[in-house]
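J.: For reference, the structure I am asking about is given below.
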Amino acid sequence: TAYLFSRGTTKMAQKVGEEGVEVALAAVAETKEDLLGECADLFYHTLVLLQNKNIAISEVMSILQQRHDK
């Protein structure tokens with residue numbers, strides 16, 4: 001985490017992109033456990049990026065709730 005913060009937003013965004021691709025690949029070519037691991041990595045890197053941008057996870061959850069309510 002400290003490494004990501006030291007590298008800045010660009011590195012954090014890059015990691016989110018990389019992990020997103022790995023999730024997609026795991027979904028079609030790997031085991032459930034592999035997919036779960038890749039999803040955990042994606043969530044982690046996304047949370048780090050959100051923290052860096054001073055965005056609370058509750059803000060994201062609020063948007064999801066609004067979309068569900070439509």
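The values are calculated or read from the model by the stated rules, or taken from the named source; none is laboratory data. Since we're looking at a predicted model, the values are computed, not measured. Glycine also receives a Cβ, built like all others from the backbone with ideal geometry; neighbour counts cover every protein chain displayed. To get the accessible areas, we keep the full protein, side chains included, count just its heavy atoms, and leave off ligands, DNA and RNA. Shrake-Rupley method; radii C 1.70, N 1.55, O 1.52, S 1.80 Å.
J.: For region 1-22, which residues satisfy the criterion of being β-branched (Val, Ile, Thr) and under 21 Å from Leu36 (Cβ atoms)? Talk me through it step by step, then tell me what you get.
T.: Here is the first cut: in region 1-22, the ones β-branched (Val, Ile, Thr) are 1, 9-10, 16, 21.
Thr1, Val16, Val21 - these are the residues of region 1-22 that are β-branched (Val, Ile, Thr) and under 21 Å from Leu36 (Cβ atoms).
J.: Criterion first (at pLDDT 95 or above and surrounded by 15 or more Cβ atoms within 10 Å (Cβ to Cβ)) does Leu35 satisfy it? Step through it out loud before you land on a result.
T.: Numbers: at pLDDT 95 or above: yes; surrounded by 15 or more Cβ atoms within 10 Å (Cβ to Cβ): yes.
Taking the combined requirement at face value, the residue satisfies it.
J.: Does Leu42 count as part of a helix (DSSP H, G or I) and touching a Gly at 6+ places or on another chain (Cβ under 9 Å)? I'd like the intermediate steps shown before the answer.
T.: Details: part of a helix (DSSP H, G or I): yes; touching a Gly at 6+ places or on another chain (Cβ under 9 Å): yes.
It is true that Leu42 is part of a helix (DSSP H, G or I) and touching a Gly at 6+ places or on another chain (Cβ under 9 Å).
J.: Pull up region 38-64, narrow it to residues that are out of contact with any Phe, Trp or Tyr (no Cβ under 9 Å at 6 or more places or on another chain) and β-branched (Val, Ile, Thr), then point me to the one that is surrounded by the fewest Cβ atoms within 10 Å (Cβ to Cβ). Explain how you work it out, then say what you get.
T.: Narrowing region 38-64 to residues out of contact with any Phe, Trp or Tyr (no Cβ under 9 Å at 6 or more places or on another chain): 38-47, 49-50, 53-64.
Within this subset, residues satisfying the condition of being β-branched (Val, Ile, Thr) are 46, 55, 57, 60, 63.
On the way: Thr46: 17, Ile55: 12, Ile57: 12, Val60: 13, Ile63: 9.
The selected residue is Ile63.
J.: A follow-up question, please. Tally time: how many residues in region 19-32 are open to solvent by less than 90 Å² (accessible area, probe 1.4 Å) and more than 12 Å from Leu49 (Cβ to Cβ)?
T.: 8
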